[in-house]
1. Positive end of the charge dipole of region B:75-144 (Lys, Arg +1 and Asp, Glu -1 on Cβ, about the Cα centre): tell me which of B:T109, B:G95, B:Y75 has its Cα farthest that way.
2. Hey, got the dipole for region A:160-260? About the Cα centre, +1 on K and R Cβ, -1 on D and E Cβ, debye to the nearest 20?
3. Using 0.36 nm per residue, how much length does the chain from A:E121 to A:F240 gain when fully extended, once their Cα-Cα distance is taken away?
4. Quick one: ranking B:S94, B:S133 by accessible area, 1.4 Å probe, largest first, what do you get?
5. Along the Cα→Cβ direction, 7 angstrom out, place labels at A:S42 and B:T198. What is the inter-label distance in nm?
6. Can you compute the radius of gyration and Dmax for region A:50-176, using only the Cα atoms, both in Å?
7. Mind listing the long-range amide H neighbours of B:Y126? Cut-off is under 5 Å, sequence gap 5 or more, other chains count too, H placed in the peptide plane at 1.01 Å from N.
8. Can you give the Rg to Rh ratio for region A:110-260, taking only C-alpha atoms and Rh from Kirkwood?
Amino acid sequence: MRLHAPCVGAAFAGVLIVLAPVVARAQEGAGALASRHSEYQSPQYFALELRFSPYTPDIDSDPALGGKTPYATVFGTSPQVLIAMELDWQAVRIPHVGTLGPGVGIGYTPGISGNAQFQQEHNGTLVSGETTTLQIFPVYAVAVLRADVLWRELHVPFVPYAKLGPAVGFWRASNTLGTSHAQGVVGLGHSYGSQVAFGLGFNLNVIDQYAARNFDETLGVNSTYIFGEWSRTDLDGLWFQKDPLRVGSTYWSFGLAFEF
Amino acid sequence: MHRGSRFAAFGWLVLVALFAPSVARGQTTTTTTTTTAGPVVSASGAIFPNRILPDGTDEGVSTRPQNLNYLGLNYDDCAKDMRLRFSITISGFSGDALEVWASNVGDCTAASARGVENVPSCWELYELAGVNSAATQTVTIDVNVRDIVGPQNAVPNPPSLSATQRQGEGLGLAACTTQPSFTAVPMYIWFMAVNPNTAVDGTPYEYGATGTPFVTDLVGPPVPQGANEQVGDTLFIVNWMANVDSDTAGYDVFIDPPPGHEDAGSGVTTILYCPDATVSSSSSSSSSSSSGSTSSSSSSSGVLDASDESDSSDDSSDASDSSSSSGSSGSSSSSSSSGSSSGTGCRDINAAGPTTSGAGGTCTDSVLSNNTVVDSGTSSTVITPIFDDAGNEIDAGVSPTGGGLSNIPAANLVGVENDGVTVSGVSVGTYTISGLKNGITYYVAVAAVDGSGNIGPASNVVCDYPAPVNDFWTLYRNAGGGAGGGFCALEAAGEPVPSTAGIAIVIGATALGLQRRRRRKRAGRGGSTGTLS
């Protein structure tokens with residue numbers, strides 16, 4: 001479903017209206033509080049992200065299927081949930097830009113499940129009682145650039161970032177009795193590809209800098225973010241893997257991130 | 001001084017006066033102790049009695065798994081007319097009778113408990129009169145289980161069983177149905193020396209006291225409600241509403257015909273099923289082939305090309321594969337082939353699903369139905385059934401009002417685990433029976449099992465026939481998808497690229513990062529984020 005441009009604009013305006021006072025307060029106190037905070041902040045090396053995403057694998061887009069849609073037939077077209085976490089090492093700081101470093105992420109789709117279909121109608125239905133599931137574990141290694149200059153130098157609590165790197169998706173197809181087999185081939189494997197993402201984090205420190213400072217002093221967490229991210233996990237086998245199961249997807253993610 | 005001597009003498013007199021009664025009491029006590037030292041009855045060697053069947057077979061101290069009231073009694077023990085063989089050591093007997101009494105309330109040493117000028121709460125199981133044995137000796141006593149459990153709700157008055165009953169004949173099978181509910185009852189058996197004045201002499205032995213709990217449980221749990229089945233490829237998924245009573249410890253699932261014995265089963269009429277071909281009237285003609293047979297006329301049941309045949313045989317092997325794979329909630333038996341395959345890739349399958357019950361329906365099966373041998377009020381009340389979005393009734397629990405017993409042949413029991421039941425846990429309401437044959441009608445029932453191994457009355461019987469299905473993986477492969485084969489499958493796909501390349505990339509990047517961090521630490525720069533200059 002496409003969102004109309006006016007709706008998107010109105011939503012964005014609403015967000016700005018809500019956040020404007022917060023940002024203003026942050027800027028007012030920035031001179032005193034932010035500088036005091038920077039005095040107390042602990043060393044910062046890493047970022048940890050916890051995220052949730054609606055996820056629909058690209059399996060049915062495989063040209064080898066000739067337009068058939070085995071995934072949608074069994075699991076439907078509604079997105080499933082991808083739960084993921086990512087750990088980034090902020091290896092270097094680029095002056096007046098932000099941090100750059102490698103990161104690794106792993107996800108899991110816990111709920112891709114449906115009913116196997118009878119080969120012929122049984123008691124008036126094609127839906128059997130046997131469960132068929134698909135588990136996907138996307139794993140990737142990316143280079144992460146976090147442009148936190150807005151926050152560090154202008155005290156605007158928005159941090160845009162970008163990620164790029166290789167990815168691999170481990171997957172397993174199973175039924176009620178265990179891992180599936182068909183045509184003598186076990187339903188187990190992995191697919192190679194790439195990961196690219198762009199996101200925007202909102203630094204929650206701006207809402208309560210005293211709490212943020214305590215969080216830093218007690219647990220060493222320098223900044224806490226909520227973020228939204230657009231991702232493309234393209235697990236098409238790259239140039240060297242033949243016939244991968246296209247378990248990648250294009251999706252939005254929302255979650256929490258901690259820099260520590 | 002003289003005056004002091006008088007004071008001393010007076011003091012001595014006071015002391016003597018004070019201590020005289022105590023000394024007297026001490027002497028009396030000593031005398032009493034000497035008097036009560038008499039017959040001693042105790043367990044000899046192993047405390048727990050062996051179980052002896054009427055034909056003399058010694059089954060050891062129990063016939064059940066350790067977790068199922070191992071040392072107590074259940075209905076099956078009673079129905080088998082089992083005896084408990086106690087080995088008792090006695091000494092110091094001089095004309096006393098060695099008597100064995102049972103009770104479900106406790107002490108039998110008081111004469112009143114044994115009915116002397118009172119209503120008895122104990123009943124006599126065994127008596128050996130006029131024992132003269134000052135020296136220690138061992139006596140073997142067989143006690144009939146039915147004598148132990150039979151009188152618990154109606155203690156005979158006078159409390160002695162007849163001589164023939166006490167000598168091994170015992171009470172009849174009716175003794176095994178005397179418990180009013182599924183609540184287990186602790187029992188106590190007293191071995192004691194009784195003098196002619198009906199008083200207990202010396203030290204008796206109590207079996208069932210602390211340390212040797214002895215529980216009788218003759219009634220199984222209530223009926224599981226709402227049994228239904230879901231059909232898969234060579235399998236059934238049986239569902240029921242989990243019991244909520246205090247007695248249920250698990251469930252037994254029964255099936256007829258048992259997997260692997262379909263030929264001797266219900267004699268289901270079958271027709272041929274061919275993938276991607278409509279079962280038409282012409283297939284009815286092949287229904288004359290008997291159940292499980294291989295038909296040579298299968299090609300008439302549908303138009304098959306070579307790929308169809310290939311798919312079919314693959315599907316058949318898939319079913320076999322999946323039957324043998326692990327991961328189910330409990331496989332009932334070793335795998336069997338997916339129906340009876342014809343030489344052309346078709347399978348026998350039920351014509352119209354004879355007598356299928358559907359969800360929650362019932363079927364009639366002589367083996368699984370009408371096997372309730374004890375009904376102690378099995379009309380469990382369903383509490384507010386809940387329905388899911390699809391209209392299926394889901395677990396709402398039951399309010400048990402009683403229990404009972406069933407006696408379905410053990411040959412129809414599937415999936416018994418080491419704990420003695422098919423499904424462990426009172427709150428579990430599902431079980432997968434695998435290893436079935438597609439197209440054969442099976443009848444299934446569920447019964448709750450208690451902590452003593454009593455099998456309660458069976459649920460409604462449901463019936464259906466397994467049928468071949470396509471799971472996601474089969475649909476994907478059949479559609480032309482080429483993935484799969486395991487995590488090291490690139491070679492199988494014809495591309496001999498190291499399959500661990502992706503993992504190596506991730507691990508390599510991580511190792512590189514860690515190495516760089518260590519270098520920085522060694523260089524004394526740890527503590528702040530690095531800066532590009």
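1. B:G95
2. It works out to roughly 400 debye.
3. Extra length available between A:E121 and A:F240 comes to 38.7 nm.
4. From most accessible down to least: B:S94, B:S133.
5. The answer from the label model is 8.2 nm.
6. Looking at region A:50-176, its Cα Rg and Dmax stand at 20.6, 70 Å.
7. B:V100
8. 1.16
The values are calculated or read from the model by the stated rules, or taken from the named source; none is laboratory data. Fair warning: this is a prediction, and the values are worked out from it, not measured in the lab. Backbone-built Cβ (ideal geometry, glycine too); neighbour counts: all protein chains shown. Surface areas here come from the heavy atoms of the whole protein model, side chains and all, with no ligands, DNA or RNA. Shrake-Rupley method; radii C 1.70, N 1.55, O 1.52, S 1.80 Å.
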